[in-house]
Amino acid sequence: MIKPLLTLIFASAVLISCSQAPKQRIDLAKLNLNERVKSVLNYHDTIVGGIDMVEAPMAVLFEVDNSKSYSFNGIPLDSTEVIFQLNSVHFRTDTTYHDGIGHFEIIKVKKDAAVDKVIDHFKADSIIYGYRVRIKRPQMKARILQELTKLYGKGTKNPHTDHGQYWNLKDKNRLILYAPDYDTFVVLNSTNLSKTCYQDNMNGVLDFGGCNIDKYLDELYARKKRQ
């Protein structure tokens with residue numbers, strides 16, 4: 001009976017060890033930005049889902065705080081916030097969210113059911129189209145800029161911030177926004193975004209050529225449909 005017992009103990013130890021092994025980091029630079037949001041979340045992390053009109057006034061968010069689950073082109077993104085963005089026509093066009101002061105509405109996310117609850121409530125897509133990363137340490141900001149330049153070449157100066165840059169890569173369907181003055185960089189799948197304009201609270205209005213900001217905002221929030 002001793003050998004079977006030892007075998008059972010050994011097998012149990014192996015199972016426990018495997019279950020406690022850390023998941024492999026998700027390299028954000030390698031995402032296609034059409035992945036299901038559930039596939040990029042680790043429920044051992046601290047996660048909230050919902051909307052934040054100050055952070056991203058046009059997206060439903062899933063924010064992961066102080067995680068060890070992510071890297072960017074091989075650089076570990078520890079002690080940072082990673083925020084995944086989902087599109088929701090319902091949210092973008094609902095006046096109750098966009099009129100008046102900035103709206104903030106989130107819930108804690110610990111399992112698939114909570115993700116579904118957020119998606120259903122805001123009638124959002126289940127796939128991500130981009131992410132935002134908080135980078136507060138100067139050394140990390142410098143490393144991220146170095147990797148962005150390595151991946152995408154020299155960026156274009158953002159005229160609205162002191163040190164901001166952006167990359168509008170039409171052939172790759174990518175819009176990258178490096179905003180170190182606001183401790184943030186953003187990577188978006190631009191397939192379904194405006195080809196002439198971009199606007200958010202940290203990067204200002206970016207004109208890619210022929211930008212009509214009023215028309216852009218009308219289309220973004222379907223303003224004409226609400227009149």
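Among all residues of segment 131-145, there is none that is under 24 Å from Leu217 (Cα atoms) and among the β-branched types (Val, Ile, Thr).
Can you work out which of the residues in segment 140-180 that are open to solvent by 20 Å² or more (accessible area, probe 1.4 Å) and of a type in the set (S, T, N, Q) is farthest from Ile213 (Cα to Cα)? Ranking the qualifying residues of segment 140-180, first place goes to Gln146. Answer yes or no as to whether Asp183 is surrounded by 14 or more Cβ atoms within 10 Å (Cβ to Cβ), modelled with pLDDT under 90 and not hydrophobic (A, V, I, L, M, F, W, C). Taking the combined requirement at face value, the residue does not satisfy it.
Do we find that Ile135 is open to solvent by less than 50 Å² (accessible area, probe 1.4 Å), at pLDDT 95 or above and touching an Asp or Glu at 6+ places or on another chain (Cβ under 8 Å) in this structure? So that I can check it myself, show each step before the final result.
Values: open to solvent by less than 50 Å² (accessible area, probe 1.4 Å): yes; at pLDDT 95 or above: no; touching an Asp or Glu at 6+ places or on another chain (Cβ under 8 Å): yes.
In short, no.
Hand me the list of strands (runs of 3 or more DSSP E) wholly inside segment 126-217 holding 2 or more residues that are under 22 Å from Gly50 (Cβ atoms). Walk me through it before giving the result.
Numbers: elements: 130-134, 165-169, 174-179, 184-189, 197-200, 204-207.
Correct list: 130-134, 184-189, 197-200.
Across segment 186-207, the qualifying residues are those that are touching an Asp or Glu at 6+ places or on another chain (Cβ under 9 Å) and closer than 20 Å to Lys136 by Cα, and the one among them that is surrounded by the fewest Cβ atoms within 10 Å (Cβ to Cβ) is Asn201.
Is one or more of the residues making up segment 102-116 in a loop (DSSP other than H, G, I, E, B), at pLDDT below 95, touching a strand residue (DSSP E or B) at 6+ places or on another chain (Cβ under 7 Å) and open to solvent by 20 Å² or more (accessible area, probe 1.4 Å)? The answer is yes; a qualifying residue exists. Count of segment 155-180 residues, restricted to those that are under 14 Å from the mean Cα position of the chain (by Cα) and modelled with pLDDT under 95, is 0.
The values are calculated or read from the model by the stated rules, or taken from the named source; none is laboratory data. What you are looking at is a predicted structure, and each value in this text was computed from that prediction instead of being measured. When we count neighbours, we look across all protein chains shown, and the Cβ atoms used for this are built from the backbone with ideal geometry, even at glycine. The protein model used for the area step is the full one, side chains on, heavy atoms only, and it has no ligands, DNA or RNA in it. Shrake-Rupley method; radii C 1.70, N 1.55, O 1.52, S 1.80 Å.
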